[in-house]
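**Student:** Provided herewith is a single structure, encoded as structure tokens, for subsequent inquiry.
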Amino acid sequence: MKTIYFAASSIDGFISDKNNSLDWLFQFGEPKGNYIENFVNTVGALAMGSGTYEWMCNSLPGVGNGQWPYKVPAFVFTTRNLSVYPGADIRFVKGDVNSVHQMMAIEAKDKNIWIVGGGELAGKFYDAQLLDELIIQFVSVTLGEGVPLFPRNMKKPLKLESVQRLDQEFVEVRYSV
């Protein structure tokens, strides 16, 4: 089991634009080869921040028509009262990522834990030395500003595991922590 931050990013390091939109990403569709679906099949639990959760509930294609995209428990870090998406296994949590990570590991069994977003949440898992891997799909656009991919200074360099061209506009980079 690994804890993995898997995200798409502009080449200048943003996961959404200044308006929290992913239109820049969805203009390309999904890269050929079902890379995301293949990854999701390795996941037993996922974590996201409240902003990512709200964006998914309001903006993600498919979610608005009643289909939550994940079949595993989603741990949503929040200090606010949010509605549970109907039919989804949503667990609202707050506080230290260490104790929540333990609960996630139990739920995930031998499968991976996916840090869906955002970058600040992934940074908290990194700070707690719980992040094992980063899988970043860089997209051939620049945004100039927005929500950063990973708003942390890393004291130790990451180890490059692989680089793979996915499509004309996508490249996937894998790092171990």
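**Student:** Considering only the range 102-149, state which residues are farther than 21 Å from CYS57 by Cα and among the aromatic types (Phe, Trp, Tyr).
**Tutor:** Hits for the range 102-149 are PHE125, TYR126, PHE138.
**Student:** Please verify whether the range 75-92 includes one or more residues that are of a type in the set (Lys, Arg) and in contact with a Pro (Cβ under 8 Å, 6 or more places away or on another chain).
**Tutor:** yes
**Student:** Among the numbered criteria (1) buried (at least 17 other Cβ atoms within 10 Å of the Cβ); (2) more than 15 Å from the chain's Cα centre (by Cα); (3) aliphatic (A, V, I, L, M), which one does MET1 miss?
**Tutor:** (1)
**Student:** Looking at the range 90-116, which of the residues that are without any contact (Cβ under 8 Å) to a residue 60 or more places away in the chain and in contact with an Asp or Glu (Cβ under 9 Å, 6 or more places away or on another chain) is nearest to THR52 (Cα to Cα)?
**Tutor:** ARG91
**Student:** Filter the range 6-46 down to residues that are buried (at least 18 other Cβ atoms within 10 Å of the Cβ) and either over 28 Å from GLY144 (Cβ atoms) or acidic (Asp, Glu) (or both), then give me how many there are. Before the answer, list the steps.
**Tutor:** Residues of the range 6-46 buried (at least 18 other Cβ atoms within 10 Å of the Cβ): 6-10, 14-17, 25, 31, 35, 43-46.
Right, trim to either over 28 Å from GLY144 (Cβ atoms) or acidic (Asp, Glu) (or both) and you get 17, 43-46.
Adding up the residues that qualify gives 5.
**Student:** Kindly state which strands (runs of 3 or more DSSP E) lie completely within the range 2-120 and contain at least 1 residues that are touching a Phe, Trp or Tyr at 6+ places or on another chain (Cβ under 7 Å).
**Tutor:** It comes to 3-10, 43-49, 74-77, 90-93, 112-117.
**Student:** May I pose another question? Can you say whether GLN137 is buried (at least 19 other Cβ atoms within 10 Å of the Cβ), of a type in the set (S, T, N, Q) and within 29 Å of GLN27 (Cβ to Cβ), as far as the supplied structure shows? Spell out the reasoning first.
**Tutor:** Numbers: buried (at least 19 other Cβ atoms within 10 Å of the Cβ): yes; of a type in the set (S, T, N, Q): yes; within 29 Å of GLN27 (Cβ to Cβ): yes.
Spelling it out, GLN137 is indeed buried (at least 19 other Cβ atoms within 10 Å of the Cβ), of a type in the set (S, T, N, Q) and within 29 Å of GLN27 (Cβ to Cβ).
**Student:** Just to be sure before I move on: is GLU145 surrounded by fewer than 15 Cβ atoms within 10 Å (Cβ to Cβ), in contact with a strand residue (DSSP E or B) (Cβ under 9 Å, 6 or more places away or on another chain) and farther than 16 Å from SER176 by Cα in the structure I sent?
**Tutor:** In short, yes.
Every number in this text was worked out from the coordinates using simple rules, so none of it is lab data. What you see is a predicted model; the values in this text were computed from it and never measured. Don't worry about glycine lacking a Cβ; one is built from the backbone with ideal geometry, like all the others, and counts go over all protein chains shown.
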